[in-house]
Each structure stands twice: as structure tokens, then as C-alpha cells.
Amino acid sequence: MKTLKLAIFIMLFVGVGTSAKAQVSFNIHIGTPPQWGPQGYSDARYYYLPDVESYYDVQSSMFIYFYGGRWVHRHNLPARYRNYDLYNGYKVVMSDYRGNRPYSQFREHRMKYARGYRGHEQRNIGERAEYRDHREMNRYESHSPRNDRGEHRNEYRGNDDHRGNGNNGNGRGNGKHGKQDKHDRR
């Protein structure tokens, strides 16, 4: 009987120890920089966006901006900036700031990095989806089958604006100003 009690006690002790260990271990997730973020700063937590006088918190994937008399954290910029291009906008990487309130230095940031500020050239981490799609389309077109005259058999020929302007229905474009291509002048 004592052996059974001892065995139960050991099992309980080991079980409690295991669950205690499970409660102590935890995972720290540091946010992934957005595709529109600048290359080379994967360890930065905040960007200041001078054109919209806002911050971006990489760790929480949220924008921080002044709204309704206070600083708010949101997943999107306010509606007045719905057409703002994050890929082309300049990002000031706040590599020297540690803390949870980057806006505590807003007056300084606003003066030092006024709207329209451009520092050194930046490259984005990734590309816009539309550029990736366009590149894929161009790769497909460059390998498309040719007819007996060496012309591509694709629908698109003519203008570079991809709206179909210049396509006269036979796969040959009319050029930018309605003039015929050299292939149509026979």
C-alpha cells in the first residue's frame, strides 16, 4: 500500500512539474516588417511616416496617429489617407528609440522630418502585388508562341497602358496615337 501511495505521489509530482514547466515556457513573437517597409532594418520596431505624420509599429502591425485628441493604434491609416502610397512614401526608421510611445518625440520628428521629407534612397522589402502580377504577365508573354511571321499570338499589342487601347481586334495594335503599326502598312 505504501508503494502504491509513493507511486501516486511521484506521478502527481512529475505531472505537476510538467504542467508547471508548460506554464512557464512562452513564445515571444516579434512582428514581421511589412512588404512596403524599407530593406535592411529588420530589427527596427517603429517607422515614422512624415507625409501622414504617423508611426508604424512593426511588432503589432499597427499605425499610430493622433485622432480625436489622442494617439490611437489602428490597423489602417485614417480615411483621409486612403490613397496614400506606402510603397512610395518615405519611412524614417526609428532605430534609436526604445519604448512603447514613439509619439512622445512627435514635435521633434514633425520638425526634423516635415511632409515631403526624403532622406537617402530606400528600397522596399517587397513589391506591390500588382507589380508582381505585371512581371508574371510579362514573363508569360515573352514565352508565348509565335505565329509564322514571328509575331506573338497574344491579345496585347500597342499601348503600354494595358487598357486594350490600340488593339484593333486582330492582335495588332494601332500605336499610341492611332497610327498603324508597320505590320499593318502592307
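For region 59-72, which residues satisfy the criterion of being out of contact with any Leu (no Cβ under 6 Å at 6 or more places or on another chain) and either among the polar types (S, T, N, Q) or crowded, with 17+ Cβ neighbours inside 10 Å (or both)?
GLN59, SER60, SER61, ILE64, TYR65
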Problem - In region 29-58, the residues that are over 15 Å from ILE125 (Cα atoms) and surrounded by fewer than 13 Cβ atoms within 10 Å (Cβ to Cβ) - result: HIS29, ILE30
Completion exercise
Of the residues in region 121-134 that are of a type outside the set (A, V, I, L, M) and either touching a helix residue (DSSP H, G or I) at 6+ places or on another chain (Cβ under 7 Å) or not in a loop (DSSP other than H, G, I, E, B) (or both), the one that is surrounded by the fewest Cβ atoms within 10 Å (Cβ to Cβ) is GLU130
Practice task
Just name the residue that is surrounded by the fewest Cβ atoms within 10 Å (Cβ to Cβ) out of those in region 73-98 that are touching a strand residue (DSSP E or B) at 6+ places or on another chain (Cβ under 7 Å) and of a type in the set (Lys, Arg).
Solution key: ARG74
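Readers should treat all values here as calculations from the given coordinates under stated rules, not as data from a laboratory. All figures in this text were calculated on a predicted structure; none of them were measured in a lab. Here the Cβ is made from the backbone with ideal geometry for all residues, glycine too, and neighbour counts use every protein chain on show.
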